[in-house]
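So the structure is just underneath, and the comments pick up after that.
The values are calculated or read from the model by the stated rules, or taken from the named source; none is laboratory data. Keep in mind the model is a prediction, meaning the values are calculated, not measured. Glycine gets a Cβ as well: all are built from the backbone with ideal geometry, and neighbour counts include every protein chain shown. All accessible areas refer to the heavy atoms of the entire protein, side chains included, with ligands and DNA or RNA removed. Shrake-Rupley method; radii C 1.70, N 1.55, O 1.52, S 1.80 Å.
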Number of protein chains: 2
Amino acid sequence: MAAPKDPRPCSIADALALVGEKYSLLVLREVCLGNGRFDQLVRNIGAPRDVLATRLRRLVDAGILEKSAYSERPQRFEYRPTTAGLELEPVLLTLMAWGDRHLRKDDDRPMVIEHICGHELLPAVTCSVCGDTVQHEDLTAHPQAPGWTVAGPAEAKPSQTVPS
Amino acid sequence: MAAPKDPRPCSIADALALVGEKYSLLVLREVCLGNGRFDQLVRNIGAPRDVLATRLRRLVDAGILEKSAYSERPQRFEYRPTTAGLELEPVLLTLMAWGDRHLRKDDDRPMVIEHICGHELLPAVTCSVCGDTVQHEDLTAHPQAPGWTVAGPAEAKPSQTVPS
DNA sequence: ACTAGTGAGTAGGAAATCCAAACTCACCAT
DNA sequence: ATGGTGAGTTTGGATTTCCTACTCACTAGT
């Protein structure tokens, strides 16, 4: 069964297979902002219309977006996030925060998000058990598929034995 | 590269331009796991070698990875995350949590991450000011570039400037 | 010295995707 | 009747990706 060339089974990879194609996350951004109509998406994202149509179909099939009519007589549609789609918003927020921090000088943020608490949103990823902000050093990965090694960063874990 | 008109200025788009190409985030995943050697990356990700080489060059140029020699005599390299790269890890964790929740039935998670607090990591994105978990309804977007609307059908709010 | 093996890539052409503009189709407005 | 809008589809060429094979530098075994 297993060819000598099996990538690592991983939810990140699976998620990206759905949502990692070009423009998909930007579609989600617009849709979360409430701009769910086809021409708005074309304009705000700058994607070719055919590519956009393909993405939208895929995202609807995946249950991330839903297509709803906002007008019956001249049939007009609007895409909106499903619950699953909304739950991807944190990914967008985290990515935006990273971009703001590392890709822009100073404070020229093109968009600011306000939290209901009254302040600008500065998202942090925390452990939902202890509440601490997650940091790389505090994490240990446990892959469960057999045969995969997760070498510790500086930790000598000489389990290099990967029987083909 | 022919960047098509990118209408909405946005840090999400900018971040994705760097890190949103196929395999880039998987490279980061492996590198954060400590598997930074070329052939490891090829095996664990399943990417063609030439594409991988291109991605690595781009990520190094962008300051997300750095290439360090772990052996001089037979020159051998290893890619490792920079600080900027490590700060992308929360994006991966958030994406993984989403994939675990929405793409997998039950508990067949291919990888479990343990937090230093002793529990399995279930990441949550929170407002770093008030500490609450962010939810879509609690957010208001303020785009600052002129001419862009963030239409909300019920949210026809005059998007005043952010209080200074 | 002569093989074989490994790590880190390049080279080349077929296959898949992407892009921009033009086109459709259905409806509404003048 | 003509023009306009929304939501796509078609078309055909330009890019990217994919995949196999190849190189290059070095080491290990005999």
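Table for the structure above
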item: Given (1) surrounded by fewer than 21 Cβ atoms within 10 Å (Cβ to Cβ); (2) within 12 Å of DNA strand D (Cβ to nearest atom); (3) more than 7 Å from chain B (Cβ to nearest Cβ), number of the condition A:L41 does not satisfy; result: (1)
item: Tally of residues being more than 7 Å from every other protein chain (Cβ to nearest Cβ) and touching a residue at least 40 places away in the same chain (Cβ under 8 Å) across the stretch B:10-31; result: 5
item: Given (1) under 25 Å from B:A124 (Cα atoms); (2) touching a Lys or Arg at 6+ places or on another chain (Cβ under 7 Å); (3) more than 10 Å from DNA strand C (Cβ to nearest atom), index of the condition A:G34 fails; result: (2)
item: Qualifying residue in the stretch A:88-103 (condition: farther than 28 Å from B:G63 by Cα and crowded, with 19+ Cβ neighbours inside 10 Å); result: no
item: Residues within the stretch B:60-115 that are closer than 24 Å to A:V125 by Cα, among the aliphatic types (A, V, I, L, M) and part of a helix (DSSP H, G or I), tallied; result: 8
item: Condition check for A:P110: at the interface with chain B (Cβ under 7 Å from one of its Cβ atoms) and touching a residue at least 40 places away in the same chain (Cβ under 8 Å); result: no
item: Residue list for the stretch B:52-76, filter: farther than 16 Å from B:A17 by Cα and surrounded by fewer than 15 Cβ atoms within 10 Å (Cβ to Cβ); result: B:A53, B:K67, B:S68, B:A69, B:Y70, B:S71, B:E72, B:R73, B:P74, B:Q75, B:R76
item: Any hit, the stretch A:93-105, residues being at the interface with another protein chain (Cβ under 7 Å from one of its Cβ atoms), more than 16 Å from DNA strand C (Cβ to nearest atom) and more than 28 Å from A:D14 (Cα to Cα); result: yes
item: Matching residues, the stretch B:113-129, being exposed (fewer than 15 other Cβ atoms within 10 Å of the Cβ) and in contact with a strand residue (DSSP E or B) (Cβ under 9 Å, 6 or more places away or on another chain); result: B:E114, B:C117, B:H119, B:E120, B:V129
item: Residue pairs meeting the criteria (Cβ under 8 Å; at least 6 apart or on separate chains; first under 17 Å from A:M96 (Cβ atoms), in the stretch A:33-49; second open to solvent by 60 Å² or more (accessible area, probe 1.4 Å) and more than 10 Å from DNA strand D (Cβ to nearest atom)); result: A:G34/B:P153; A:G34/B:E155; A:N35/B:T149; A:N44/B:W148
item: Single residue of the stretch A:130-149 satisfying the filter (in a loop (DSSP other than H, G, I, E, B), at pLDDT 95 or above and open to solvent by 70 Å² or more (accessible area, probe 1.4 Å)) that is farthest from the other protein chains (Cβ to nearest Cβ); result: A:Q135
item: Leading residue by the ranking (nearest to DNA strand C (Cβ to nearest atom)) among those in the stretch B:66-92 that are away from chain A (no Cβ under 13 Å) and within 21 Å of the chain's Cα centre (by Cα); result: B:K67
